1. Just to confirm a number: summing +1 for Lys and Arg and -1 for Asp and Glu over residues other than B:Leu346 whose beta-carbon lies under 11 angstrom from that of B:Leu346, what do you get?
2. Using DSSP to call loops (not H, G, I, E or B), can you name the GluC sites (Glu not before Pro) in the range B:301-390 whose Cβ has at most 15 other Cβ atoms within 10 angstrom?
3. Quickly work out the A:Lys195-to-A:Arg25 label distance, labels modelled 7 Å from Cα along the C-beta direction, and quote it in nm with one decimal.
4. Within 10 Å of each residue's Cβ, count the other Cβ atoms and sort B:Tyr50, A:Tyr283 from fewest upward.
5. Enter the mean number of other protein chain beta carbons within 10 Å of the beta carbon of each residue in B:333-344, as an integer.
6. May I ask you to list the residues of the range A:362-379 whose amide nitrogen lies under 13 Å from a point 7 Å from Cα along the Cα→beta-carbon direction of A:Lys407?
7. Please find the FRET efficiency linking A:Val164 to A:Ala59, where r is the Cβ-Cβ separation and R0 is fixed at 35 Å, and quote it to the nearest 0.05.
8. Assuming a viscosity of 1.306 mPa s and a temperature of 10 °C, what translational diffusion coefficient in µm² per second does Stokes-Einstein assign to the range B:203-350, Rh being the Kirkwood radius over Cα pairs?
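Each value in this text was obtained by applying a stated rule to the coordinates, not by laboratory testing. Please read all numbers here as calculations on a predicted model, not as lab measurements. All Cβ positions, glycine included, derive from the backbone under ideal geometry; neighbour counts span all protein chains shown.
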Amino acid sequence: MTVIQNKDANPIAHLSKEDIAEIGRKLDAIRQEVADSRGEKDAAYIRRVIATQRYLEMASRGVLLFSKFPPAWILGTVGLSVSKILENMEIGHNVLHGQWDWMRDPKIHSSTWEWDNVTPSEAWKHSHNEVHHTYTNIVGKDNDLGYGIMRVDEDQKWYPMYIVQPAWNFINACFFQYGIAAYDLELGKNLKKPKDKRPEGFAEEVKKVKTKIRKHMTRDYVIHPGLSLVTGSALETMAANLVANWVRNMWTHSVIMCGHFPEGVETFEKEMLDEDESRGDWYIRQMLGSANISGSKAMHIMTGNLSHQIEHHLFPDLPSNRYAEIRVKVKALFEEYDLNYLERPLVPQVYSAWHKVFRLSLPNGFTETTTVKNLPKQLGLLTKMVTGDKRTRRALQAHLDAKVARKRAKVAKSDVTTAA
Amino acid sequence: MTATASEPIAPAPAAADVDPRANSGRKPRLRDRAVKLVEAATTPLMPADYMDLFAPLRPGAELRGRIISVTPETADAATIVIRPGADWAGHVPGQYVRVGIDVEGVRLWRAYSLTHGPRGDKNISITVKAVPDGVVSHHLVHRCPVGSLVHLEPAAGEFVMPDVNGGKYLMVTAGSGVTPVIGMLRNLFPVADSGVVSLDRSKNFDITVIHVAPSEPDSIFLRDLQALDAAGKIRLIARYDDTHGFLDVNDIPSMVPDVAERITLACGPGGLLDALGEHHARHGLPLIVEQFRTSRVEAGEGGTVVFEKSDVTLEIDGATTLLDAAEEAGMLMRSGCRMGLCMGCLVPLEEGTVRDLRNGDLTTAVPGESGAVKIQTCISSPAGPCRISK
């Protein structure tokens, strides 16, 4: 078996090799059933969403021409935000997964679609479809885990810079589309290298991103405000675009955080990707490495059906409008094999993800050993860990680990006493 | 070059000096700027993406058409009248049009003869016979929604009257091969409520039609041919397999004694056209042919795959993916997850059939019909000979 857990209870210890093979077969059958029944209704669905988004964008931008009047500003900004979210989530993300390639419509095809996002479709398809979806939740392989800027697992070594990761995460949320572009370029890693050591085509990719940024900035902050000059609404239009972009960034960041970050989502180690990872093993990794958001139909559409993250990770190329029906079957399979189907409403899920970000910004064992009484002492210890050198950190971490071990032993003992 | 030394040769302007809009005055330049401005407002989409919502048939749009009516001809054939987009450039009777239509959500392309000459109402028509297993033809004949949009390509084809002023012709048609011929005949001899109309421009035509069909009731357009025959506009020789037996091309001189004076136009199945070609070549007779359908590809196991752009041909067995085989042969292939998930390895299949190794699904590309179909090389294996644009 490939999945090693650092938890007390391995969530798949009860599954035999045959069970996992059987899960793989059953999921393949679900996939095939949906693939065979794709048709007119599904095609009509995506065309309807695309048309709705385009009408909504036009209408909102039209209303924003008069955004000097506060009600028009509010209406236009809300409309534009919703339109941008639809464009990114239910349309862009899913089209770029090839979910609608089967229609053979060259205009709604993964190979031709360009989205309203500063990261070019081509770059994103590589980092997301190929890297993230193949190596889901493998620490060190799947950079979506923390986007290379955050610590998302106890197994990742703690460094002082992680102390600011909640702030980092918030800033990333505000500028999410730029964060994604930087992430797709592996900007941090590549800029550190001397120019001649950077991967082939890096400069080219940077140029493409810059071009997109320029075009989008021109559209949102020059052209449309320019059109609003006539009614004296230029500044208001500019502000509306800024807010809409920000809302879209915050929303997509939140939805995406809910997919793999909440407490209870499993992460895996590189070694697990041994050469014999079977189809069933791969499916199990997707099942346990993703989390769903429960909610209304509107919620599912606004999240691009990434609220059905588990189903999406099992079948990333099936049309998004079918995930709701797939969910019923997948959930039954989780129950049949006694696996944890991680699904919560949006707010608890977002809270859970943020909680994890905060918790892991601190060294392992820190929160566990901190009480109101020892808080000043603990803060002193933390300061030393943040400012101290490698040796100090190691020593203090050992101290924390020992404290946690003692606490656990004590709890175990009292459990035994109570039981007796 | 034949310029003599005495002739001054004007120096060719350097490429950088040439402004393609230099001669077109100020207006186009203004328009170009306006277009650029609108594009800047709609990025990453094009202005056309928005205009398509309101006016899909406008000038400048991709070529589309709206289905105006569907009229049954026989139990399994119907004439479909389409209003083409503003940029439809017209056609010559006998030509065909490629129609892209969404069946069960999947866009499929087929070529159909235009069955009317250019019409007064600017509409075009095709007549479709529902063939066995024909996904598109069944859709068009039996459940095609009036008012829906179809995609079009400009009319094409060389199967047209060689001389618009007249001449002696023999037209040989079999099955749905009658459709382009009907297009030509209707153009020459329109039918009104009062019967066949005689036009001045048609009086120099002398046309004999040999029309072959499996049996009389199956014969679409028979009424039209019979009416033209009755009106003395053409000479019709109807041949039904069930009563006359299969047509032997060697019998044609006895059926049409002056065949040698006529230009033969033939449209029908490959077998008939081949026999006719051989016969006419033997006797040195002029022949113009049109064949609709390439013979159906039977899906097999493995096959010869031609990678066109790389100029590589590989024999690939039915268990090896295109990606693996191509890489094995030293080709640089784009690929990603190798599991069929990421669509990183899509390439256009120009012709042939491939099998999805995960579930056995077949995908077929027929040139002139489906157009190229994008396939994933990482999960596809050839099911017969294939041509790939890569």
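1. Result for the local shell: +3.
2. B:Glu301, B:Glu308
3. It works out to 6.0 nm between the two label points.
4. B:Tyr50, A:Tyr283
5. That average works out to 6.
6. In the range A:362-379, the label zone of A:Lys407 (backbone N under 13 Å from the point 7 Å along Cα→Cβ) covers A:363-375, A:378-379.
7. Efficiency at R0 = 35 Å is approximately 0.25.
8. Reported coefficient: 79 µm²/s.
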